[in-house]
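Below is one structure, written out as C-alpha cells, with a few remarks after it.
The values are calculated or read from the model by the stated rules, or taken from the named source; none is laboratory data. Predicted model only: the values in this text are computed from it and were never measured. Here the Cβ is made from the backbone with ideal geometry for all residues, glycine too, and neighbour counts use every protein chain on show. For accessibility, only protein heavy atoms count, side chains too; no ligands or nucleic acids. Shrake-Rupley method; radii C 1.70, N 1.55, O 1.52, S 1.80 Å.
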Amino acid sequence: LHSTPDSHPKPMAKTLGELEQSILFALLELEGEEAYGVSIRECIQRRTGRSVSSGAIYTGLDRLRQQGLVDSWVGEPTAERGGRRKRLYRLEAAGLEALDRSVRVFRALSDGLLDRLTDRLSQAREGA
C-alpha cells in the first residue's frame, strides 16, 4: 500500500495557551505604543473582563521571549517611574505566525459548531 499525502496528517505544532494568546493579541493591539507589563495586563483585562496577575503576565512574556515569539528591551528612564526603566515588548514575526496558526486552529475546530454550542447552552441553562 502506498500512502497519499492526505493519509498522514501533519503533526500539530505547539499550540498557544489562552494566556499566551491573550498576551500576543495585546502586543498586536499595542503596536506603535509602549507595550510593557502593566499596559499588556490592562489591555487583556479590558478585552476579556478578567483580571490577570502581573506575575502571570511576566511569566508568560518570558516564555514567549524564550520561544522567539516576542522581543524585549529596556527603555529609557522615565520621570513617572522615578527614573527607573521599563522593560518593553514587541511581537516578532514568529509570534504573528504562531498567533495566526492558533486562530486558524480555533476557527477550524469551531466551524459549524457555534450555533450548536449556543443551543446546547440554552438547553443546559433552562434545565438548571
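For this structure, a couple of remarks:
- When you count the other C-beta atoms within 10 angstrom of each residue and take the mean per peptide, 16-24, 44-52 line up highest first as 16-24, 44-52.
- Dipole magnitude (debye, nearest 20) for the chain, charges at Cβ of Lys, Arg, Asp, Glu: 380 debye
- Entry comment: accessible area of the chain is 73 Å² per residue, from protein heavy atoms only and a probe of 1.4 Å.
- The chain, Rg to Rh (Cα coordinates; Rh as Kirkwood inverse mean 1/r): 1.12
- Computed about its Cα centre, the charge dipole of region 77-128 is approximately 540 debye, with only Lys, Arg, Asp and Glu carrying charge at their Cβ.
- Computed over protein heavy atoms with a 1.4 Å probe, the carbon and sulfur contribution to the accessible area of the chain reaches 51%.
- Rule-of-thumb Rg ratio for region 67-128 [Cα; 2.2 N^0.38 Å; N residues]: 2.02
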